[in-house]
Structure formats: C-alpha cells, structure tokens
Amino acid sequence: MGVYTRQQLLDTGVSEGAIAYRTRAGTLTRLLPSIYCTGEPTYRDRCVAATLWQPHAVLSHLAAAWWWNLLEHEPDHVDITVPRTSRTRGPKWLRAYRRSLTESSFVDGLPIVTIEQSIVDVAVSLTRPELEQFFDSALSRAVSWRGVARQCEKSAGMAGITEVRRQLRLCCPRTLSEPERLVARALTAAGYFLEINAEVGPYYADLMDRRARVIVEIDGREFHSAPGVFTNDRVRQNSLQLDGWLVLRYSAAMVLTDLDYVVRQIVDTVRRRRKALT
C-alpha cells in the first residue's frame, strides 16, 4: 500500500507494460500524471501524491489545517501552494495556489505551511460561521493569538487578512461548549468582553464581568438531570451571591433558540450594574 511515482515503480522492476496493465485492472490507481497509488486512495494518499507531482509544493489552506489537527473532518479536496512560476492543472480534488512562501514545516515527512499560516489561509476557504468556530477552537488548543497576529503582519496584503484580523478581535477561545461560545461571541461583537472560564475564588465561571460582578452560566442537560450536580451547583451559586455576585443562568436550549434575547439581557444587566457599582 502506498503512493509511488512512475520512476519509483520502474526502479523496483515494474515494467511500463505492467504499470499499464495494473492500472487497467484496478490494482494501481493513477492519481496524477506519473503518480500512482496501490489500493483505494485515502486523503493522506492524495496529499502525498500532490507533493510528489509538484516537488516544490507545500500543503496549505484546509489541507494544512487538517494535517495540523485543526479540523474535525477531512476536506473534500487537497490544497497546495506552489511557486508563482509553476504551471499546474490537476484534477478537481486538487487546488493549487501560486505565491512565494518564506517558511514552511514538515508533518509526517510532508512539506506543509506553518500552523500560523494555515490558520491565515483558512480565512479564504470557510464561511464566516465556520471560520468563527474554527478560530475559537484553534486558539483554544493549538496556537497562540499572538502567533497568528504576527503571521498577519508577515502576510500583509494577502487575501483573507482583513477577515483574520476581524476574527482575532472577536475570537472567544477557551469556551467549553458551543452554546457558551455563541454567547461569548455575540457579547464580544456587542462590545462586551466578558472573561471566559474565569476563576472566582474556588470556582470557575463560564463568563464573567468583574467590574459589574456578573457571572453568566450556560447549563447543559446534566444540570437538570444529575442530583449531585444540581446540589453542588446550588451551594456554589449561594456562595457567589453572598459574596456580591449576580449569577445569570441560561439553558443551552435557550441559547440555541433565542440567542438575541439572552445576549440582550446580559448586556442590559452588565451595563446597569456597572453604573450602580461605580
């Protein structure tokens, strides 16, 4: 099993006639000109094939994000970046971008753009909702905000940079669930930058505004179904309220069905308490 160039097959003693016969028989799959795969090609095989076909190519965009483990699902095509002078015309599953790269890396032996560059590249490949989710996840576990910001400076003028900078302004990493992420994003877009997973004494708050002493909690189904969780949460909430915190609670279902109402109530509450506590 593997991906080989025609020359590699010839070097192992496979004749031109045998290559043609095996291709017709289906034991060899021609992926690209002079590039063959034994067996049914996987996404990894197609990535390998692309870099063998274009020796100066590096994996980029969604392909690079997949190799850096930034995507949950493999893309439906392979992206490569090649020098500006390259001439490529591949199949539909291969997309080639022409530009000059000053740095790259290797993952499992394959040439690939840096993880910071892959995040910048993705800005031209995803819809805005997909990109928001991608940024929040990537900056939570894989790369630093400052690293991406520095890459923006290096890549000034490239397509997508304006959107990347917007995402850096509004990103909400470290949220622990999709409802939390949606609320944090909407609040940030409204100009209210609440701390995420913030430490409050012995506890942690989903979202918190220290100035207004407001904590926002987004409860999943387990909050209502697990007796131990319910009891401990009541002890926690009483302790916080006795210490002067206002705790706003919303169910995940409520966030998903009426996000505007949730955000509007949080903003109104935070604004009012900021004034009262000044």
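Points to keep in mind about this one:
- Residue within the range 36-43 that is under 30 Å from Asp121 (Cα atoms), touching a helix residue (DSSP H, G or I) at 6+ places or on another chain (Cβ under 6 Å) and either part of a helix (DSSP H, G or I) or not assigned by TED's automatic domain parsing to the domain that holds Arg87 (or both) present: yes
- One residue from Asp260, Asp268, Asp233 being modelled with pLDDT under 95 and either out of contact with any Cys (no Cβ under 8 Å at 6 or more places or on another chain) or over 15 Å from Asp206 (Cβ atoms) (or both): Asp233
- Number of residues in the range 234-278 that are touching a residue at least 60 places away in the same chain (Cβ under 8 Å), outside any helix (DSSP H, G or I) and in contact with an Asp or Glu (Cβ under 8 Å, 6 or more places away or on another chain): the value is 1.
- Enumeration of residues in the range 141-183 that are among the hydrophobic types (A, V, I, L, M, F, W, C), closer than 30 Å to Ile215 by Cβ and in contact (Cβ under 8 Å) with a residue 40 or more places away in the chain: Ala142, Leu182, Val183
- Sole residue being modelled with pLDDT under 95 and closer than 17 Å to Gly160 by Cα, chosen from Arg84, Arg89, Arg24, Arg98: Arg98
- Output for the range 128-159, where each listed residue is over 15 Å from Leu170 (Cβ atoms) and either outside any helix (DSSP H, G or I) or polar (S, T, N, Q) (or both): Ala142, Val143, Ser144, Gln151, Ser155, Ala156, Gly157, Met158, Ala159
- Meets criteria (of a type in the set (Asp, Glu), assigned to a helix (DSSP H, G or I) and either under 18 Å from Thr188 (Cβ atoms) or out of contact with any Pro (no Cβ under 8 Å at 6 or more places or on another chain) (or both)) for Glu116: yes
- Restricting Arg99, Arg24, Arg84, Arg95 to those that are surrounded by fewer than 12 Cβ atoms within 10 Å (Cβ to Cβ) and in the same structural domain as Ala159 (by TED's automatic domain parsing) reduces the list to Arg84.
- Residue check for Tyr4: surrounded by 20 or more Cβ atoms within 10 Å (Cβ to Cβ) and either touching a Lys or Arg at 6+ places or on another chain (Cβ under 7 Å) or over 23 Å from Leu101 (Cβ atoms) (or both): yes
- Odd one out for Trp66 among (1) within 28 Å of Gln8 (Cα to Cα); (2) modelled with pLDDT under 95: (2)
- Against the criterion of being on the phi > 0 side of the Ramachandran plot and either β-branched (Val, Ile, Thr) or at pLDDT below 90 (or both), Gly109 does not qualify.
- Within the range 172-195, considering residues that are among the hydrophobic types (A, V, I, L, M, F, W, C) and buried (at least 21 other Cβ atoms within 10 Å of the Cβ), the one nearest to the chain's Cα centre (by Cα): Cys172
Results for (1) basic (Lys, Arg); (2) over 12 Å from the mean Cα position of the chain (by Cα), shown as yes or no for each residue.
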| residue | (1), (2) |
| --- | --- |
| Pro83 | no, yes |
| Arg89 | yes, yes |
| Lys92 | yes, yes |
| Ser104 | no, yes |
| Asp108 | no, yes |
| Ser118 | no, no |
| Val124 | no, yes |
| Leu131 | no, no |
| Asp136 | no, no |
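- Among the residues examined, Val183 qualifies as of a type outside the set (Gly, Ala, Ser), within 20 Å of Arg271 (Cα to Cα) and not assigned by TED's automatic domain parsing to the domain that holds Ala123.
- Filter pass, Arg146 being exposed (fewer than 14 other Cβ atoms within 10 Å of the Cβ), modelled with pLDDT of 90 or more, in the same structural domain as Ala64 (by TED's automatic domain parsing) and farther than 30 Å from Thr269 by Cα: yes
The values are calculated or read from the model by the stated rules, or taken from the named source; none is laboratory data. The structure presented is a predicted model; accordingly, all values stated were derived computationally and were not measured. No Cβ is skipped: glycine too gets one built from the backbone with ideal geometry, and neighbour counts run over all protein chains shown.
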